[in-house]
1. Please list, in chain and number order, the residues 5+ apart from A:Ala185 or on another chain whose amide H is under 5 Å from its amide H, with Hs placed from the backbone.
2. Enumerate the amide H contacts of A:Tyr325 below 5 Å, restricted to partners 5 or more residues apart or on another chain; note that Pro and chain-start residues carry no placed amide H.
3. If one computes the Cα centroid of region B:230-257 and of region A:293-318, what distance in Å separates the two points?
4. Could you compute the FRET efficiency for A:Thr24 and A:Glu47, with r as their C-beta to C-beta distance and R0 at 22 Å, rounded to 0.05?
5. Along Cα→Cβ, 7 Å out, is where each label goes; now give me the distance between the ones at A:Glu431 and A:Ala195 in nm to one decimal.
6. 222 nm [θ] for chain A, helices only, -39500 (n - 2.57) per DSSP H run of 4+, per residue, to 500?
7. Which FRET efficiency value, to the nearest 0.05, do you get for A:Lys227 and A:Arg121 by plugging their Cβ-Cβ distance into 1/(1 + (r/R0)^6) with R0 = 30 Å?
8. Measure out, as a whole number of angstrom, how far apart the alpha-carbon centroids of region B:119-196 and region A:63-99 sit.
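What follows draws every value from the coordinates through simple rules; no lab data is involved. Note that the structure is a prediction, hence the values are computed from the model and not measured. Glycine gets a Cβ as well: all are built from the backbone with ideal geometry, and neighbour counts include every protein chain shown.
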Amino acid sequence: MALTGLEIYKLLPKTNCKECGQPTCLAFAMQLAAGKASLEKCPYVSEEAKEALGAASAPPIALVKVGAGERVFTAGNETVLFRHDKRFEHPTGIAVTLADDLPPEEIAGRVEEINALCFDRVGQLHCVDLVAVKNVSGDPAVFAGVAKAVSGKTNLALILMSEDPGAMEAAIKETAAFKPLIYAATAENYEKMAALAKEHDTALAVKGENLATLADLVSKITAVGVKQLVLDTGAREVNQVLGDQTQLRRQALKRFRPFGYPSITFAAEQDPVARVIEAGVHIAKYAGIVVLDTADRAEILPLLTLRLNIYTDPQKPIAVEPKVYEIGAVNENSPLYVTTNFSLSYFCVAGDIEASRVPGYVLTVDTDGTSVFTAWAAGKFTPEKIAAALSESGAGDKVAHRKVIIPGGVAVLSGKLQELSGWEVLVGPRESAGIPAFLKQFWN
Amino acid sequence: MAVTIAKERWSSKCLEVVLGSGLKQIKIGGETTLPFLHFEGEMPNVPAVALEVFDAPPVEWPDFLSSAFEGVLGDPAAWAKKCVEYGADLVVLHLNRTHPDQGDASPEEAAEVASAVAAAVDTPLVVLGCGVDEKDAAVLPEVANALAGKNCLLGCATQDNYKSIVAGCIAGGHAVIASSPLDINLAKQLNILITEMNLEPQKIVMDPSIGGLGYGIEYAYSIIERMRTGALMGDKMLAMPVVLLVGSEAWKTKEAKTPDTPDWGEQKKRALLWEVTTAVSLLHAGGHIAVVRHPESLRRVKEHVSRMMQPQTY
């Protein structure tokens with residue numbers, strides 16, 4: 001269990017030397033308890049205290065890395081059951097399978113397809129994270145050959161999937177530099193798989209048949225010194241996966257050590273809609289990595305979008321840069337809309353301007369990323385701020401007219417804004433979905 | 001190694017709401033645990049999935065959506081029957097024509113449409129106004145009166161118009177959708193205001209105002225999770241079931257509306273997945289009724305729910 005600030009304080013030197021950057025030892029203890037400082041900052045802490053605090057402050061779920069070089073995939077360090085309690089730290093890794101029995105001429109194409117699974121959303125690229133090379137052929141030499149070929153063609157992290165230690169040994173020898181995830185150690189093969197993971201310093205997936213056999217196997221493997229683990233409870237039915245993932249997370253947070261590692265799940269359904277549904281549930285419910293057998297862009301886009309949404313930090317509104325955005329082929333007569341720099345507000349307005357098929361400018365006012373109503377209520381979306389943004393953003397140089405459209409929900413600002421800015425203020429619709437109808441009626 | 005299954009000891013449960021009358025009546029809510037965690041508590045009722053009907057033929061629907069309702073798009077009663085044929089647990093009638101900019105149909109006209117739809121199907125009926133507070137306040141009491149005794153679900157009542165709508169629901173024996181703008185405190189406050197008018201708590205269903213996938217779904221996701229944990233921890237004013245108005249959100253997204261492209265793949269598959277993923281993730285947050293638009297989405301979400309209703313093995 002995590003220690004409280006006072007419990008930690010008792011273990012500190014209590015000299016208030018300030019060398020840790022905090023005014024007092026008590027303040028430092030509070031920072032440690034909140035996970036905002038690390039013990040190394042204190043130069044005088046005793047070995048005894050280090051041990052006691054180290055064990056208690058180790059994250060309930062270990063941080064595990066797969067891959068090397070520019071695209072290292074990271075999972076773990078999670079601390080909560082519900083995103084609203086703090087946040088989910090590491091977005092679920094999305095892994096796409098590649099079977100080693102594909103005809104050799106199709107392998108490069110499949111890798112390229114997987115490499116290309118990247119989508120732009122509000123200027124940010126969201127991509128799948130791993131390629132799972134699966135030993136379907138049963139032939140160690142084929143598996144090793146395909147693993148090597150794939151590793152040369154992608155920057156994504158690799159998962160090597162085979163329960164045959166011989167095949168794994170052959171494949172890892174070819175790809176060790178890329179630090180792939182070995183999948184998987186089972187009750188039958190764990191000694192050899194653990195030895196391979198140890199020798200090549202790679203992460204190891206552990207596959208149980210249920211929670212009890214998984215815990216058992218993890219204990220045996222950590223006993224031989226392999227600590228970078230990823231857990232598979234063996235469940236493939238979506239209802240059981242939900243139960244198992246919930247148990248792994250709950251028990252890890254209760255400091256049941258065998259479950260203190262990120263998990264791996266499989267959206268095993270072959271039907272496209274069913275597998276996307278399943279993968280979606282895994283993403284929302286704690287999976288560290290979800291593996292699925294599709295590179296169809298229409299299937300991957302909703303999953304990457306769901307992941308982006310669920311793993312957004314709820315304490316930090318996502319802001320866009322406050323400036324004038326151009327939507328479509330604008331000219332000096334295009335309408336000018338104003339909204340806040342909350343990304344969702346901007347995104348909705350931009351989307352509905354596109355839908356109206358009339359190019360337009362959007363001026364986002366810096367409201368610390370809060371929405372129109374929240375910002376208005378908090379005094380961050382005021383006539384003064386909008387007027388200042390109008391003049392400082394250079395909006396006046398982009399359009400020949402002097403008309404600005406404000407959100408209908410803050411119609412009350414229009415008089416004062418007109419007075420302050422000298423611009424004619426048009427009150428737009430309450431919701432951005434009304435923009436096309438609004439334009440037809442009020443713009444020309 | 002012995003593993004003790006971790007179970008939360010919740011002190012309370014979600015309210016159970018009964019909708020409709022007669023043989024096809026349904027119950028929602030009543031859970032004593034988080035969604036689908038059968039090892040921990042009871043989930044006495046299966047989450048319901050509804051299909052939508054509109055009082056005017058839709059514009060700008062993609063072909064693969066409108067073709068599912070070919071021949072009935074101009075006739076709400078026939079459309080509703082089609083929804084039942086597709087297996088909808090409830091039918092949701094949107095009274096869009098009452099909108100001041102879309103025909104401004106009178107409360108009496110709206111009540112007539114609602115009566116015709118109610119007469120055509122025996123599944124529980126949900127009737128939604130056009131979303132303009134004042135207009136809905138005039139239309140829904142009239143609808144409530146015309147459908148008296150059918151135990152429908154009417155909405156959406158907001159902080160600004162709930163009084164006349166709730167009065168109509170009390171008089172007609174209906175349940176009400178209490179709608180709040182993505183704010184759990186406002187949701188709770190509206191429930192308090194409505195129950196203070198003497199509508200029983202088990203006649204209220206909450207609409208937290210969801211966003212579609214990619215358009216703020218995470219806000220609704222977390223609010224619904226907090227509503228559910230609130231209910232389980234004994235907050236009576238957060239214990240009402242949750243309705244998810246998925247169809248309207250999912251089909252207005254760029255991802256559902258953009259035709260086939262090399263970057264985003266096939267539109268039909270993408271749009272369907274957008275609706276289904278939105279519905280399913282919010283059901284896993286704690287939603288009770290998912291309102292979807294495409295019959296294929298209905299089938300897929302129901303199929304998933306029936307899988308999730310299978311208990312875990314421990």
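1. A:Ala205, A:Val206, A:Lys207
2. Here A:Val362, A:Leu363, A:Thr364 satisfy the definition.
3. What the calculation gives is 19 Å, centre to centre.
4. Values: r = 23 Å, r/R0 = 1.03.
The pair A:Thr24/A:Glu47 has a calculated efficiency of 0.45.
5. It works out to 6.4 nm between the two label points.
6. On the way: 17 runs with 179 residues, N = 444.
Per the formula, -12000 deg cm²/dmol.
7. Working: r = 35 Å, r/R0 = 1.18.
E(calc), rounded to 0.05, equals 0.25.
8. 43
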